[in-house]
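Everything on this sheet refers to the single structure shown next.
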């Protein structure tokens, strides 16, 4: 249906994943299987769902996976806020990451609406 690598929203999600991985690499070791893992799964899920949806045969299926990606953005932002509150995430990183998340959500919303 769509070449996912050509989608700007997918490209931005990959950039965000890279930023998030870098931002979480110094989280406490005891959080490796806790919030660090959860954050990383959420951020990877954004681009993965965009790619999977783009590979589906119908617009309806693509929209469903875009909805999953949108939800993963909200999940990710919540986890980053918790991490900042716990002192794991550099407080200066949160506004930058949140801005990227919000931009991706707007792009997902626009792409989804274009499929109508």
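We did not get these values from a lab; they are worked out from the coordinates using the rules stated. Since the structure is predicted, the reported quantities are computational estimates derived from the model, not experimental observations. Positions of Cβ are generated from backbone atoms using ideal geometry, with glycine treated the same way; all protein chains shown enter the neighbour counts.
Based on other C-beta atoms within 10 Å, arrange 14, 9, 96 from fewest to most.
Ranked by crowding around the Cβ, least crowded first: 96, 14, 9.
Starting from 0.36 nm per residue, how many nanometres of slack lie between residue 26 and residue 11 once their C-alpha separation is accounted for?
So the extension gain works out to 2.9 nm.
Compute a Gaussian network model of the chain, connecting alpha carbons closer than 10 Å, and tell me which residue from 33, 65, 88 fluctuates the most.
33
Let a ≥ b ≥ c be the square roots of the eigenvalues of the Cα gyration tensor of region 7-73; is it rounded (a/c under 1.5), or, if not, prolate (a/b larger than b/c) or oblate?
prolate
Starting from 0.36 nm per residue, how many nanometres of slack lie between residue 59 and residue 114 once their C-alpha separation is accounted for?
18.8 nm
Given only helices, namely DSSP H runs of n ≥ 4 each adding -39500 (n - 2.57), what is the per-residue ellipticity at 222 nm of the chain, to the nearest 500 deg cm²/dmol?
-26000 deg cm²/dmol
Could you give the radius of gyration (one decimal) and Dmax (whole number) of the Cα atoms in the chain, in Å?
14.4, 46
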